[in-house]
């Protein structure tokens, strides 16, 4: 902006506010742009008497040029892009979100933060963007961290105006009695709903603040996560089993570790004909690709009778006859109570919570009223972690009953490296109660993934004693009225499918869901179709018997059929 442009923009905005309107405005952006362009062009044309004369001369010459009587002027009164720049600033303040307009719409950013007046706006790039820089544009040691921009709110009243308008878009009125809110916004130009925390100076000592979290437009899949070395194919297989057979799974970790990303990536594993119902406290971050899915969210309001609580949603969800309930952000006492009630109903449960390790999870959950005995109803807890911009699963544990813990092989209770996070089992004492657990998967110091007891082809070589350490499989056998060998065979078959999906690069969320739906509806036909596809990709023809048998899909034969 040039000197004096700020005052010109403010004057233009005031004139637009004062413009009388006698009709319904269908396109607010076009209305503001038209009036801004009209007013600003007049001001730029006629800033002083000499400007009036020059403007009149240019307009007359332009009119004559339109009739081929003169050549058009080569010395316009002002550059066209200068008018466009000024109109942009007016639109940014009227229709957009002030200085946050561009960061909110940037698909390469994951978080946007404005913490106080006269302080630079901070942004957090997506991990894939950081990885793509090669360490040139962004310090790899600080990859995924906050990066200051050259944007800032310089006026508190304008900052408050943006904060208030953001809250109002979700139906929340910020005032002295409601100085902060968590809102969800559908912003033009942004494909996904964004989550936004806003606050007024009433509770924010240094002025208003805004914190925005944006989901990626293209959700990740297990294939993406395996390719990024975030977890192993064996753990994906176990999650597939638990999602499909209505197990109880928690993803626990600190903010920004990738809990919701992990949870959503495996949603296609819920059978297409099941009914998942999501319950959350306003985050709206759960992705349900199912036509049968329903998403419920709480609603805060200063009047209790207008608010929608977790208890209300729990009652509503039970009437919807869900097969799986997804509870995002299990952090408040109300959400832990909802989690406990859902586990007691026998539905499958998937959720996220904040806890860096199993001991922190136990202490935090008990403090918020979760009965300790319910831990043994959880099939698996996955702990993602973010280090230096990399997100990966650090460990996965299964809570055990005292009897299951006592039945463990004594050698299995100890870690092979001496670190309890690298395998092994343990007991957490809290308030005269004991919570037992067994670490079944972890990332070793070299960066590789280990998983104890996975019934895959190399399991016998890894564990020559043949000891089974995945109690989740025994629970699934009991839950589905099958013997353990049948569940282990299903695990091995699904593991081959996961390897096929990785080999085939099936990393589109919707395509993965469609493939799994076809697999469930007609497994033999789906396997045969996949085999033909791979043979064409490998050999360029569709003749039976072509290609290497090792590259065939996991059908166990060259002619298709169920594994």
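The values are calculated or read from the model by the stated rules, or taken from the named source; none is laboratory data. Small disclaimer: the values here were computed from a predicted structure and weren't measured. When we count neighbours, we look across all protein chains shown, and the Cβ atoms used for this are built from the backbone with ideal geometry, even at glycine.
Data table
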read-out	value
Residues satisfying the stated conditions in the range 303-330, i.e. without any contact (Cβ under 8 Å) to a residue 40 or more places away in the chain and surrounded by 13 or more Cβ atoms within 10 Å (Cβ to Cβ)	308, 309, 310, 311, 312, 313, 314, 316, 318
Tally, over the range 499-527, of residues that are closer than 13 Å to residue 272 by Cα and within 25 Å of the chain's Cα centre (by Cα)	8
Qualifying residue in the range 197-204 (condition: outside any helix (DSSP H, G or I), in contact with a helix residue (DSSP H, G or I) (Cβ under 9 Å, 6 or more places away or on another chain), modelled with pLDDT of 85 or more and not assigned by TED's automatic domain parsing to the domain that holds residue 169)	no
Top-ranked residue in the range 119-153 [being modelled with pLDDT of 90 or more and assigned to a loop (DSSP other than H, G, I, E, B); ranked as surrounded by the most Cβ atoms within 10 Å (Cβ to Cβ)]	153
Qualifying residue in the range 243-259 (condition: modelled with pLDDT under 95, buried (at least 20 other Cβ atoms within 10 Å of the Cβ) and in a helix (DSSP H, G or I))	yes
Residues that are assigned to a loop (DSSP other than H, G, I, E, B) and farther than 25 Å from residue 312 by Cβ, drawn from the range 260-277	266, 271, 272, 273
Residues that are more than 15 Å from residue 531 (Cα to Cα) and buried (at least 21 other Cβ atoms within 10 Å of the Cβ), drawn from the range 495-511	495
Leading residue by the ranking (surrounded by the most Cβ atoms within 10 Å (Cβ to Cβ)) among those in the range 357-391 that are touching a strand residue (DSSP E or B) at 6+ places or on another chain (Cβ under 7 Å) and assigned to a loop (DSSP other than H, G, I, E, B)	379
Which listed residue, of 424, 466, is out of contact with any strand residue (DSSP E or B) (no Cβ under 6 Å at 6 or more places or on another chain) and modelled with pLDDT under 85	466
Looking only at the range 261-283, and only at residues there that are surrounded by fewer than 22 Cβ atoms within 10 Å (Cβ to Cβ) and in contact with a strand residue (DSSP E or B) (Cβ under 7 Å, 6 or more places away or on another chain), the one that is nearest to residue 345 (Cα to Cα)	274
Given (1) at pLDDT 90 or above; (2) in contact with a strand residue (DSSP E or B) (Cβ under 8 Å, 6 or more places away or on another chain), index of the condition residue 487 fails	(2)
Boolean, residue 229 is part of a helix (DSSP H, G or I) and either closer than 29 Å to residue 448 by Cα or without any contact (Cβ under 8 Å) to a residue 12 or more places away in the chain (or both)	no
Residue check, residue 234 surrounded by 17 or more Cβ atoms within 10 Å (Cβ to Cβ) and either assigned to a strand (DSSP E or B) or touching a strand residue (DSSP E or B) at 6+ places or on another chain (Cβ under 6 Å) (or both)	yes
For residue 207: the one exception among (1) at pLDDT below 85; (2) over 30 Å from residue 155 (Cβ atoms); (3) crowded, with 18+ Cβ neighbours inside 10 Å	(2)
Residue tally, condition part of a helix (DSSP H, G or I), buried (at least 16 other Cβ atoms within 10 Å of the Cβ) and within 24 Å of the chain's Cα centre (by Cα), over the range 154-182	3
Qualifying residues in the range 445-458 (those that are farther than 15 Å from residue 383 by Cβ and touching a strand residue (DSSP E or B) at 6+ places or on another chain (Cβ under 7 Å)) - the one modelled with the highest pLDDT	452
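Okay, residues lined up against (1) in contact with a helix residue (DSSP H, G or I) (Cβ under 8 Å, 6 or more places away or on another chain); (2) farther than 26 Å from residue 10 by Cα; (3) modelled with pLDDT of 70 or more:
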| site | (1), (2), (3) |
| --- | --- |
| 50 | no, no, no |
| 55 | yes, no, no |
| 65 | no, yes, yes |
| 68 | no, yes, yes |
| 72 | yes, yes, no |
| 76 | yes, no, no |
| 83 | yes, no, yes |
| 88 | no, no, yes |
